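Participant: Next up is a structure, given as structure tokens.
The values are calculated or read from the model by the stated rules, or taken from the named source; none is laboratory data. It should be emphasised that the depicted structure is a prediction, and the values quoted were computed from it without experimental measurement. FYI the Cβ positions are ideal-geometry reconstructions off the backbone, even for glycines, and counts take in every protein chain you see.
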There are 2 protein chains.
Amino acid sequence: MTARVRVPATSANLGAGFDCVGIAVDRWLVAAVTLGGTGISIRRRGTLNAVRVRADQDLFTRGFRAACAAGGASPAGGGATIEASSDIPVGCGLGSSAAAIVAGALLADAALELGLSRSQILEISTAIEGHPDNVAPAICGGAVLSVQTPAGLVASSLRVSPAIELLIAVPPFPNSTKAARAALPQMLPHSDAVVAAGRAAALVQGLATGDGALLGAALDDVLHVPFRRARVPGYDAVVAAAQSAGAFGATLSGAGSAILAIAPRERSAAVGAAMIAAWRAAGVEAELIRSARPVPGASAHRGPSISHPVPSESP
Amino acid sequence: MTARVRVPATSANLGAGFDCVGIAVDRWLVAAVTLGGTGISIRRRGTLNAVRVRADQDLFTRGFRAACAAGGASPAGGGATIEASSDIPVGCGLGSSAAAIVAGALLADAALELGLSRSQILEISTAIEGHPDNVAPAICGGAVLSVQTPAGLVASSLRVSPAIELLIAVPPFPNSTKAARAALPQMLPHSDAVVAAGRAAALVQGLATGDGALLGAALDDVLHVPFRRARVPGYDAVVAAAQSAGAFGATLSGAGSAILAIAPRERSAAVGAAMIAAWRAAGVEAELIRSARPVPGASAHRGPSISHPVPSESP
């Protein structure tokens, strides 16, 4: 009994969409599971080489076991071997944790034929991750708004104008999401909360219409970035460089360390180059990820294990 | 030199879109101006009978004079007579002030051929009103998101699903917007601001898609309604009645006193009846306004004065 899965990277927040908006990014985690043996073992390749976690505490394992529990399966008796490879930078605000959780849950669902719905996978994975903004686009693809409602967690796919492009500059150092969360204040002026709400609305409308002024306002977040940006050396210079080169704006990808810009398509090459150059001027060799086209969500298949899972080529 | 204008009522906030989202409502202020004489005189009919303001301090006059100033005209030498009639309830959260300001500005623009753009009318009127959320839909029609950006005030028309309908129950007592603003706290927990931002995003997405769960979350505001609802007797009962009858949710229209519900089209008649019945049970005879179809924005024309401006029929 084997299965394989492919889950994209994701960038959360997009400025004012704090904890509720995320978008799939064209980097991939691929993994395969083979049931059998005892306990769960994990073989990691690519960026996952950097992960130093015992297999029974790994996010793959937690996603896998939570799906088993939700599906009424008991994998405790039988073990599983997970082979995983990824080109998603780890700890840089590109949803590597969400990808691993979703991969684990989908591998269990496919290999054990649990028949879980996407909505169940979303709930399971969000419970482990703590918030849905990376998990939802990792599952659904594209840009997604996730909101808790009395009817449960709603993940709604957002329209994204084909006239815009995302550019993500990834430095070689990670940021701690936990520390970034601890930097947030307990209280906020009511007037800032009003501005934040208007800009969150502007993000949804700006993505749909490609309106540069709305996107510029949306990327100029007041809820979290002001308290986190000092943790990412070079942040101000990279954001300023992106704007000077024609981006509507730029902000932290998730809690950082990566920086995301949104630009009109015709300026995107210049914006990406400017971001990399600005970081280089600060002594940082960053890597550029461009996401010009909508990136699909996770897919999983039951079937023979692939012996050497490797990230697929960009579409 | 004469001109006439027609401006719709508006409902602002729609729950989580505090100070940034508004929608045109099918009630109208119509007015005409005749230039000549000295000073500005105003004749009021309909709901405007209740207005007790000296003509030189009236919102029509302020809009008129601000447009003259922006357009480089000096009406100080010549006077103007404004005849105005309205069926927009006054002081109930339906944009009667915004309608008067916009009417005054558009009358000046048309009668004096100032050639102001819609964007200039928006800026002028917002400066007088203090916030754009009623002014923008009064000018543009439909639902509008208004956001301050470095490039100026952006008013962006929102998609509204044809599957939803607005129902507004208007009690016979007004609410003071000034007092309602004073009820807001200085500081807010950061976690509430995060919820508020997610729900503002949910409002834009819910209006566009008609997703009932998103609209329900969006109408359950945490930024202003919790601090204002006690000022509107019967609020909780009317909101509960709307929800029981099938509305996605209900909230204050603007700062109240009117209550707005959003419902699936097939439940709208029942929701409207339930809101009126709930208010009647509390001893209040409220009036129902339904806005099923998109309501157009203001229109102004240069030409002969109409001797008895009356609200036009619903489309």
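Participant: Checking the condition in contact with a Ser or Thr (Cβ under 8 Å, 6 or more places away or on another chain) and of a type outside the set (K, R), which residue from B:S191, B:S156 passes? Full working, then the answer.
Facilitator: On the way: B:S191 fails: in contact with a Ser or Thr (Cβ under 8 Å, 6 or more places away or on another chain).
Of B:S191, B:S156, the one residue that is in contact with a Ser or Thr (Cβ under 8 Å, 6 or more places away or on another chain) and of a type outside the set (K, R) is B:S156.
Participant: For the range A:10-67, enumerate the residues that are more than 19 Å from A:A105 (Cα to Cα) and among the hydroxyl-bearing types (S, T, Y).
Facilitator: Scanning the range A:10-67 gives A:S11, A:T47.
Participant: Further question on the same structure: Which of the residues belonging to the range A:234-248 are surrounded by fewer than 24 Cβ atoms within 10 Å (Cβ to Cβ) and touching a residue at least 60 places away in the same chain (Cβ under 8 Å)?
Facilitator: Listed by number, the list holds a single entry, A:G234.
Participant: Out of (1) among the small types (G, A, S); (2) part of a strand (DSSP E or B); (3) facing chain B (nearest Cβ under 10 Å), what's the single condition that is false for A:A261?
Facilitator: Going through the list (1) among the small types (G, A, S); (2) part of a strand (DSSP E or B); (3) facing chain B (nearest Cβ under 10 Å), A:A261 breaks only (3).
Participant: When you scan the range A:232-245, do you find a residue that is among the hydroxyl-bearing types (S, T, Y), under 30 Å from A:S119 (Cβ atoms) and modelled with pLDDT of 95 or more, even just one?
Facilitator: Applying the first criterion (among the hydroxyl-bearing types (S, T, Y)) to the range A:232-245 yields A:235, A:244.
Subset that is under 30 Å from A:S119 (Cβ atoms): none.
No: zero hits.
Participant: Moving on. Which ranges mark the helices (runs of 4 or more DSSP H) fully within the range B:178-231 that have 2 or more residues being touching a helix residue (DSSP H, G or I) at 6+ places or on another chain (Cβ under 9 Å) and either at the interface with chain A (Cβ under 7 Å from one of its Cβ atoms) or free of Cβ contacts under 8 Å to residues at least 12 places away in the same chain (or both)?
Facilitator: Details: elements: B:190-209, B:212-219, B:225-228.
Qualifying helices (runs of 4 or more DSSP H): B:190-209, B:212-219.
Participant: Further question: With buried (at least 24 other Cβ atoms within 10 Å of the Cβ) and out of contact with any helix residue (DSSP H, G or I) (no Cβ under 6 Å at 6 or more places or on another chain) as the only criterion, which of A:L122, A:L112, A:L29 stands out? Write out each step before concluding.
Facilitator: Values: A:L122 fails: out of contact with any helix residue (DSSP H, G or I) (no Cβ under 6 Å at 6 or more places or on another chain); A:L29 fails: out of contact with any helix residue (DSSP H, G or I) (no Cβ under 6 Å at 6 or more places or on another chain).
Only one candidate passes the filter, namely A:L112.
Participant: Only one residue in A:A105, A:A73, A:A69 is at pLDDT 95 or above, of a type outside the set (S, T, N, Q) and either buried (at least 19 other Cβ atoms within 10 Å of the Cβ) or more than 27 Å from A:S257 (Cα to Cα) (or both), so which one is that? Steps first, please.
Facilitator: Working: A:A73 fails: at pLDDT 95 or above; A:A69 fails: at pLDDT 95 or above.
Unique residue meeting the criteria: A:A105.
Participant: Moving on. Can you confirm whether the range B:19-26 contains a residue that is modelled with pLDDT under 95, within 14 Å of chain A (Cβ to nearest Cβ) and touching a helix residue (DSSP H, G or I) at 6+ places or on another chain (Cβ under 8 Å)? Walk me through it before giving the result.
Facilitator: Start the filter on the range B:19-26 by keeping residues that are modelled with pLDDT under 95, which leaves B:19.
So of that shortlist, the ones also within 14 Å of chain A (Cβ to nearest Cβ) come out as B:19.
Add one more test, that the residue is touching a helix residue (DSSP H, G or I) at 6+ places or on another chain (Cβ under 8 Å), and what stays is B:19.
Looking for residues that are modelled with pLDDT under 95, within 14 Å of chain A (Cβ to nearest Cβ) and touching a helix residue (DSSP H, G or I) at 6+ places or on another chain (Cβ under 8 Å), one finds at least one in the range B:19-26, hence yes.
Participant: May I ask you to verify whether B:V7 is closer than 30 Å to B:V204 by Cα and either more than 14 Å from chain A (Cβ to nearest Cβ) or touching a His at 6+ places or on another chain (Cβ under 7 Å) (or both)? Steps first, please.
Facilitator: Numbers: closer than 30 Å to B:V204 by Cα: yes; either more than 14 Å from chain A (Cβ to nearest Cβ) or touching a His at 6+ places or on another chain (Cβ under 7 Å) (or both): yes.
Criteria met by B:V7.
Participant: Can you tell me which residue among B:G91, B:G95 is surrounded by fewer than 24 Cβ atoms within 10 Å (Cβ to Cβ) and within 12 Å of B:G254 (Cβ to Cβ)?
Facilitator: Working: B:G95 fails: surrounded by fewer than 24 Cβ atoms within 10 Å (Cβ to Cβ).
Every option except B:G91 fails the conditions.
Participant: Then there's this: I need the helices (runs of 4 or more DSSP H) fully contained in the range A:71-160, keeping only those with at least 1 residues that are free of Cβ contacts under 8 Å to residues at least 24 places away in the same chain and more than 14 Å from every other protein chain (Cβ to nearest Cβ). Let's see the steps before the verdict.
Facilitator: Working: elements: A:96-111, A:118-129, A:135-140.
Ranges flagged: A:118-129.
Participant: Turning to a different aspect of this structure: Would you be able to say whether some residue in the range A:17-33 is outside any strand (DSSP E or B) and either under 30 Å from A:A217 (Cα atoms) or more than 22 Å from the chain's Cα centre (by Cα) (or both)?
Facilitator: So the first thing to find is which residues in the range A:17-33 are outside any strand (DSSP E or B), and the list is none.
No: the range A:17-33 contains no residue that is outside any strand (DSSP E or B) and either under 30 Å from A:A217 (Cα atoms) or more than 22 Å from the chain's Cα centre (by Cα) (or both).
Participant: Surrounded by 24 or more Cβ atoms within 10 Å (Cβ to Cβ) and part of a loop (DSSP other than H, G, I, E, B), is that true of B:A255?
Facilitator: Details: surrounded by 24 or more Cβ atoms within 10 Å (Cβ to Cβ): yes; part of a loop (DSSP other than H, G, I, E, B): yes.
Answer is yes for this residue.
Participant: For residues that are surrounded by 16 or more Cβ atoms within 10 Å (Cβ to Cβ) and under 30 Å from A:A105 (Cβ atoms), scanning just the range A:265-293, find the one that is modelled with the highest pLDDT.
Facilitator: A:I289
Participant: Hey, another quick one. Name the residue, out of B:A50, B:A73, that is of a type outside the set (S, T, Y) and under 18 Å from B:T2 (Cα atoms).
Facilitator: Numbers: B:A50 fails: under 18 Å from B:T2 (Cα atoms).
After ruling out the rest, the residue left standing is B:A73.
Participant: So, one more: Please count how many residues of the range B:37-77 are more than 23 Å from B:V25 (Cβ to Cβ) and in contact with a strand residue (DSSP E or B) (Cβ under 6 Å, 6 or more places away or on another chain).
Facilitator: Qualifying residue count, the range B:37-77: 6.
Participant: Given (1) out of contact with any Pro (no Cβ under 6 Å at 6 or more places or on another chain); (2) buried (at least 24 other Cβ atoms within 10 Å of the Cβ), identify the lone condition not met by A:I128.
Facilitator: It fails just one condition, (2).
Participant: Then there's this: Being over 23 Å from the mean Cα position of the chain (by Cα) and modelled with pLDDT under 95 is the filter here, so list the residues in the range A:246-264 that pass it. Let's see the steps before the verdict.
Facilitator: In the first step, residues of the range A:246-264 are kept if they are over 23 Å from the mean Cα position of the chain (by Cα); the result is A:246.
Answer for the range A:246-264, where residues must be over 23 Å from the mean Cα position of the chain (by Cα) and modelled with pLDDT under 95: there is none.
Participant: Return yes or no: is B:A182 out of contact with any Asp or Glu (no Cβ under 9 Å at 6 or more places or on another chain) and among the aliphatic types (A, V, I, L, M)?
Facilitator: Against the criterion (out of contact with any Asp or Glu (no Cβ under 9 Å at 6 or more places or on another chain) and among the aliphatic types (A, V, I, L, M)), B:A182 qualifies.
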